[in-house]
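*Asks:* The structure under discussion is supplied below as structure tokens; questions concerning it will follow.
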Amino acid sequence: NLTFCKAAVSHGYGHSVATGNADYTQGFSICDLILVENEYSIEEENCSYGYLMEKIGDNEFPFTAKNCLTAGNTSLIRGCLTGVASLMVRNDVEMAEGCPADLFTTFEIKMCYRVYGYAVGEKILNYEINNEGNILSYDKKLFNDCSNNQSCSSGAGSMLGSYFQQNQERANDLCMQYLPIEGTLPENGKENEGICISSVASTQLLTAKK
């Protein structure tokens with residue numbers, strides 16, 4: 001699939017950029033050169049994600065979601081936030097703390113919540129892959145918080161739909177299992193569990209078109 005190929009290659013390129021560019025503004029600027037004229041590109045998003053993944057392994061590299069806003073465009077910011085969200089979930093930083101609403105525009109905070117949902121989806125996959133039936137108490141809160149947030153639920157569904165490209169039913173099952181209906185709040189007349197499942201379907205429809 002060409003889209004996933006572009007994402008993978010540019011993600012690897014971002015990792016390589018990080019080895020020679022300690023300053024993140026310089027690193028993002030290099031990623032920004034991939035497709036100069038495009039308003040949004042999966043290549044630049046995944047380059048900045050790869051760059052940040054490489055850098056956040058260094059404990060002396062302080063970074064928060066707010067730092068991502070120094071990146072030059074939406075593609076770079078979204079990739080950066082994806083890396084930050086993975087770090088937040090790994091370090092048990094709650095969504096409201098890691099994506100502080102008072103520091104972002106409405107568009108930016110929804111983007112931060114959505115990529116936090118990607119990281120929640122990865123956490124769900126860890127339970128699935130390891131066949132672990134006992135959910136840790138912190139993760140129960142993590143899943144409940146995500147299920148109560150439309151953007152987070154959408155991000156989790158997108159991650160699960162991408163992973164289970166050939167098995168939408170399994171992705172839907174995981175939405176229902178880990179983002180339970182009883183833990184959700186109605187939002188715009190829809191349950192957020194449905195938003196996760198809708199996002200799975202949207203991701204797979206987009207993949208099929210590509």
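*Asks:* How much of the accessible area of the chain, in percent, comes from carbon and sulfur atoms when a 1.4 Å probe is used?
*Replies:* Working: 5420 of 10560 Å².
Reported share for carbon and sulfur atoms: 51 percent.
*Asks:* Related question: Longest exposed-loop-site-free stretch of the chain, with GluC sites (Glu not before Pro), DSSP loop and at most 16 other Cβ within 10 Å?
*Replies:* Segment 133-210 is the longest.
*Asks:* Quote the FRET efficiency, to the nearest 0.05, computed for Asp23 versus Arg170 with a Förster distance R0 of 45 Å and r equal to the Cβ-Cβ distance.
*Replies:* 0.60
*Asks:* For the chain, set up a GNM with springs between Cα atoms under 10 Å and report which of Lys66, Lys55, Lys140 has the largest fluctuation.
*Replies:* Lys140
*Asks:* For region 142-149, just list the computed ³J(HN,Hα) in residue order, Karplus coefficients 6.51, -1.76 and 1.60, θ = phi - 60°, integers in Hz, with x standing in for Gly and Pro.
*Replies:* 4, 5, 5, 4, 5, 5, 8, 10
*Asks:* Give the angle, between 0 and 90 degrees and rounded to the nearest 10, that separates the Cα long axis of helix 150-163 from the longest principal axis of the Cα atoms of the chain.
*Replies:* Tilt relative to the chain: about 80 degrees.
*Asks:* Count the lysine pairs in the chain whose Cα atoms lie under 21 Å apart, taking only pairs 8 or more positions apart in sequence or on different chains.
*Replies:* Qualifying lysine pairs in the chain: 10.
*Asks:* Once R0 is set to 22 Å, what does the formula 1/(1 + (r/R0)^6) return for the Cβ-Cβ distance between Thr105 and Lys141, expressed as a FRET efficiency to the nearest 0.05?
*Replies:* 0.20
*Asks:* Place a +1 charge on the Cβ of each Lys and Arg in the chain and a -1 charge on the Cβ of each Asp and Glu, then give the dipole magnitude about the Cα centre in debye, rounded to the nearest 20.
*Replies:* Charge dipole, the chain, about its Cα centre: 360 debye, nearest 20.
*Asks:* Between (i) 49, 47, 34; (ii) 47, 37, 35; (iii) 55, 44, 31, which entry matches Cα extents along the principal axes in Å as derived from the coordinates of this structure?
*Replies:* Computing Cα extents along the principal axes in Å and matching it to (i) 49, 47, 34; (ii) 47, 37, 35; (iii) 55, 44, 31 gives (ii).
*Asks:* Per DSSP H run of n ≥ 4, the term is -39500 (n - 2.57); total these for the chain, divide by its residue number, and report the mean residue ellipticity at 222 nm rounded to 500 deg cm²/dmol.
*Replies:* -21500 deg cm²/dmol
*Asks:* A follow-up question, please. Given the options Leu179, Leu69, Leu52, state which has the largest fluctuation in a GNM of the chain using a 10 Å cut-off (strictly under) for Cα springs.
*Replies:* Among Leu179, Leu69, Leu52, the largest GNM mean-square fluctuation belongs to Leu69.
The values are calculated or read from the model by the stated rules, or taken from the named source; none is laboratory data. Computed from a predicted model, the values in this text were never measured in an experiment. With ideal geometry, Cβ positions are generated from the backbone for all residues, glycine too; neighbour counts draw on all protein chains shown. What goes into the accessible areas is simple: the full protein's heavy atoms, side chains included, and nothing from ligands, DNA or RNA. Shrake-Rupley method; radii C 1.70, N 1.55, O 1.52, S 1.80 Å.
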